[in-house]
Each structure stands twice: as C-alpha cells, then as structure tokens.
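Report on the following structure.
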Amino acid sequence: MAEAFNDLTLSADKATRYAEVAEEIASVLDGESNLTARMATVASMLANSFDTYFWTGFYVVDPAKDRELVVGPYQGTLGCLRIAFGRGVCGAAAATGETQLVPDVHAFPGHIACDGRSQSEIVVPVFGTDGELIAVFDVDSDRPAAFDEVDQLWLERILKTTFG
C-alpha cells in the first residue's frame, strides 16, 4: 500500500513539474518563430528539469532524404546522426506518427544504441501547424522504466503547443 501511495505522489510531483516547465517554455518562446531556436530551447529546458533525462533532443525530418531523420538540437552525449523511418524507437515514432514509450530499450526490436548507457526511452512525434511530421522528440534515460503515461501526456502537450 505504501509503495502505491509513493508512486501516486511521484506522479503528482512529476505532473506539477511538467506544468511549471510548460509555462516556462511558453513564456521564453513567446514571439520566437525560428524553428531551431524553439527546438533548442525545448530540449535544454526539459533536459535541465528532470533527473531521469539522460539524452534529450530532436531528430528532424530531412527534406532532402526520403523518410529519414537527421539529428537536430539536443542535450547529452553524441547522438546518432541519421535514422531511417521505421528503424529503432525514433524511426518507429516517425513511421507510425505515435508516441513510443519503451521501458526497456534492449527489448525493443531493432533498437539503435547511440549510447550504450540508455535503458529506457520515450519518443514523441512532432507535427507542424499543417499537420505534417517535422521531427521526433527523443528522451533517453540511463534508468530502466524511467518514463510513464505522465511523461507521455505532458510531452505530447508541450510539443503540440510549441510546434503545432
């Protein structure tokens, strides 16, 4: 019973922190139209707000390549430079247009290990104002099962508000 209570408390605390960061991001980006500046700001502010975030950033749809992502603004160790749609967690999010919540990256078919310390991951597709996929937002953790439905809800909300 105590463990369930602690989980609920942690989820509430996390949701509160996401709400605060969402407001901060909106305030900082008010009036900024440059896509790269917006992505860099989101990656930086989220990376510095949660201890479980190990790698945080964007893989942007490359208009010069068919169905391929190229690394964009990020915080963390070296990221993969290019990822094909359908390959790994990021490619799955790009191909399906759906958030990928992965508690154990080693159990994900075709996982790409850009950094071997990664244990869990959440990847959210990012759509522009026209509804077209412009990027995916990738967060890795060096802890197993670091992300849950609270992360998914808030990341989807922040990204839709910021880019949609």
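The values are calculated or read from the model by the stated rules, or taken from the named source; none is laboratory data. All figures in this text were calculated on a predicted structure; none of them were measured in a lab. A quick note on method: Cβ atoms are made from the backbone with ideal geometry, for glycine too, and the neighbour counts reach across all protein chains shown.
Here are some notes:
- Among residues of region 15-26 that are hydroxyl-bearing (Ser, Thr, Tyr), those with a Cβ under 9 angstrom from a residue that is surrounded by 14 or more Cβ atoms within 10 Å (Cβ to Cβ) and not in a helix (DSSP H, G or I), sequence gap 6+ or separate chain, pair up as Tyr18/Ser49; Tyr18/Phe50.
- Test result for Ile158, touching a residue at least 12 places away in the same chain (Cβ under 8 Å), crowded, with 17+ Cβ neighbours inside 10 Å and over 14 Å from Ala93 (Cα atoms): yes
- The residues of region 143-155 that are farther than 18 Å from Trp55 by Cα and either surrounded by 13 or more Cβ atoms within 10 Å (Cβ to Cβ) or at pLDDT below 95 (or both), listed by number, are Val150, Leu153.
- Test: residue in region 32-43 that is hydrophobic (A, V, I, L, M, F, W, C), modelled with pLDDT of 95 or more, loosely packed, with under 14 Cβ neighbours inside 10 Å and more than 19 Å from Glu149 (Cα to Cα): yes
- Taking region 123-142 as the range and being part of a strand (DSSP E or B) and surrounded by fewer than 19 Cβ atoms within 10 Å (Cβ to Cβ) as the test, the residues that pass are Phe127, Leu133.
- Condition check for Gly164: surrounded by fewer than 23 Cβ atoms within 10 Å (Cβ to Cβ), farther than 15 Å from Tyr59 by Cβ and without any contact (Cβ under 8 Å) to a residue 24 or more places away in the chain: no
- Strands (runs of 3 or more DSSP E) (entirely within region 8-102) containing at least 2 residues that are among the aromatic types (Phe, Trp, Tyr) and in contact with a Gly (Cβ under 7 Å, 6 or more places away or on another chain): 55-61
- The listed residue being in contact with a Pro (Cβ under 8 Å, 6 or more places away or on another chain) and within 27 Å of Thr129 (Cβ to Cβ), out of Phe58, Phe85: Phe58
- In region 44-76, the residues that are within 22 Å of Ala15 (Cα to Cα), free of Cβ contacts under 8 Å to residues at least 40 places away in the same chain and aliphatic (A, V, I, L, M): Met45, Ala47
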